[in-house]
1. Considering only residues of region 76-132 that are out of contact with any strand residue (DSSP E or B) (no Cβ under 8 Å at 6 or more places or on another chain) and on the phi > 0 side of the Ramachandran plot, which is modelled with the lowest pLDDT?
2. Being part of a helix (DSSP H, G or I), touching a residue at least 40 places away in the same chain (Cβ under 8 Å), within 30 Å of Ile245 (Cβ to Cβ) and open to solvent by less than 10 Å² (accessible area, probe 1.4 Å) narrows it down to one of Ala322, Ala288, so name that one.
3. If you go through region 457-469 one residue at a time, how many are out of contact with any strand residue (DSSP E or B) (no Cβ under 6 Å at 6 or more places or on another chain) and touching a residue at least 24 places away in the same chain (Cβ under 8 Å)?
4. Tell me, yes or no, whether region 518-527 has at least one residue that is touching a Leu at 6+ places or on another chain (Cβ under 8 Å) and open to solvent by less than 40 Å² (accessible area, probe 1.4 Å).
5. Looking only at region 484-531, count every residue that is farther than 23 Å from His412 by Cα and not in a helix (DSSP H, G or I) and tell me the total.
6. State which residue pairs qualify: first residue over 17 Å from Ser262 (Cβ atoms) and inside region 240-252, second residue modelled with pLDDT under 95 and in a loop (DSSP other than H, G, I, E, B) in any location, beta carbons under 8 Å apart, and separation of 6 or more residues or different chains.
7. List, please: which pairs have Cβ atoms under 8 Å, are six or more places apart or on different chains, and start with a residue in region 337-351 that is modelled with pLDDT under 95 and end with one that is open to solvent by less than 10 Å² (accessible area, probe 1.4 Å) and not in a strand (DSSP E or B)?
Amino acid sequence: MRGGEPLGRAGLALLLVAAGAGARPRPAAPGDQPRSSVVLVVCDSLDGRLTFFPGNQTVDLPSMNFMKRYGTVFLNAYTNSPICCPSRAAMWSGLFTHLTESWNNFKGLDPDYITWMDLMEKHGYHTQKFGKLDYTSGHHSVSNRVEAWTRDVHFLLRQEGRPMVNLTGDRKRVRVMEADWRNTDKAVNWIKEEAVNLTQPFVLYLGLNLPHPYPSPYAGENFGSSTFLTSPYWLEKVNFEAIKIPKWSSLSEMHPVDYYSSYTKNCTGEFTKEEVRNIRAFYYAMCAETDAMLGEIISALGDTGLLRKTVVIFTADHGELAMEHRQFYKMSMYEGSSHVPLLVMGPGVREQQEIPNVVSLVDIYPTMLDIARIPVPQNLSGYSLIPLLREKTESEVSPRGPRPSWVLSEFHGCNVNSSVYMLRTGKWKYIAYSDGFSVLPQLFDLTADPDELKNVAMKFPVIVHYLDKILHSIVNYPKVSSSVQEYNKQQFISWKQSLGQNYSSVIANLRWHQDWLKEQKKYENAIDRWL
């Protein structure tokens, strides 16, 4: 941070000209030149629609705009599972969630799983990681786990504090999310002190917690994270006039799974327009702070002359609904939650390119190997992004044949009372639930209805049938849903047994304690019936 101020747009542009990135030559044939270094910055909960029009009108994000100016933006990039750990498990393994079996925030990859970073290290890259990783099993709260395991139980309990905003500090308060800034500083120092002296290429990973909402301690001991927190410094970067107040269906018209999500997220009460606008504004301000951290990394690469030989990738594990569809958080297949940012700049990447193809986070694994010129394993779910970034023909790069015209996302965790599968292809988004019969599917035409307010599944049965057939060819989803149900029950039983006499008091005091304690016996009986 220069004098406490993050680098602005003008500073970044000057820096890039100085680094010679603006006049980048076309790449030579792969064998002719040294392998590029790579920097991957992954934040948490950033709605990908903020990186292009019209979403980018709501808040000033100079570093992301800079990456667009000197690189490529993907207009349709998706998470493979809209929650932290399962999404990251997909990104670090290159495999869909039903293959990693990362069913909830507690269950990720085994610690010894071979990631793309392990392979790059084995093939001569120097590797470094800072900040949030969250792709292995065993993290997140007990509440998180138990809520996921008990989602098939016939009860409805609020599991979150009501979403709220909190303004902290004054106009001089730049570093609100201090832990993220500390990790950003570590990464900047590493670039300036270590990376600059390396003789081999490097891969640097920085994981940020922002713009994930902050914990809400007022909600009791096992609180969730429902507070959107920022300072006036960042709030001033938001264009309040451009903030869209989302339209909501009435509670009675909501899809049953949406209603469950909205209720467990404590969003079924009354919210004024002002409240909704503020939640969205504070969220966008948190995105601006995230953008400044990305800017520090780009600046450090520019200052050291490394920018011209480094591929920089920016993305997020999932988005944030910020009160769209009467929900905050993620765990949903709606665009706010499932659409992620994906920006790439560096040697051989076309400038000012907007790519409409659907892509997803499993594509990161083969892309990393492609940059490092490491043979890509045939069993991956993802496809390298390099042909799209460099406009090569697919066959030139991928022995697996062309990239499919669809992406898959799935969700099996908390706040949603069914396994969910989303297929995105062309203008369509198809969402199937559970076994495909017991819960009605959804179909959205994103061209005609970008806000996803009209489920047209009943209107277009032929398209539903066609898309469901594609979905079945990728994943036997009724079977997966049933094995998740079985897993949930077995996990719950062994957890319950491990608590012995303490079971009643422990389960009563999880995040749902405010509702549970009103009718403790009723909820325990509902669980006994389920078991």
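1. Glu101
2. Values: Ala322 fails: part of a helix (DSSP H, G or I).
Unique residue meeting the criteria: Ala288.
3. 2
4. Yes - at least one qualifying residue is present in region 518-527.
5. Qualifying residue count for the region: 4.
6. Ala242/Pro54
7. Gly348/Leu389
Let's see how each residue does on (1) in contact with a Pro (Cβ under 7 Å, 6 or more places away or on another chain); (2) open to solvent by 20 Å² or more (accessible area, probe 1.4 Å):
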site: Val420; (1), (2): no, no
site: Ala432; (1), (2): yes, no
site: Gly436; (1), (2): yes, yes
site: Leu446; (1), (2): no, yes
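The values are calculated or read from the model by the stated rules, or taken from the named source; none is laboratory data. No experiment lies behind these values; they were computed from the predicted model shown. Neighbour counts are summed over all protein chains in view; Cβ atoms, including those assigned to glycine, are modelled from backbone coordinates with ideal geometry. All accessible areas refer to the heavy atoms of the entire protein, side chains included, with ligands and DNA or RNA removed. Shrake-Rupley method; radii C 1.70, N 1.55, O 1.52, S 1.80 Å.
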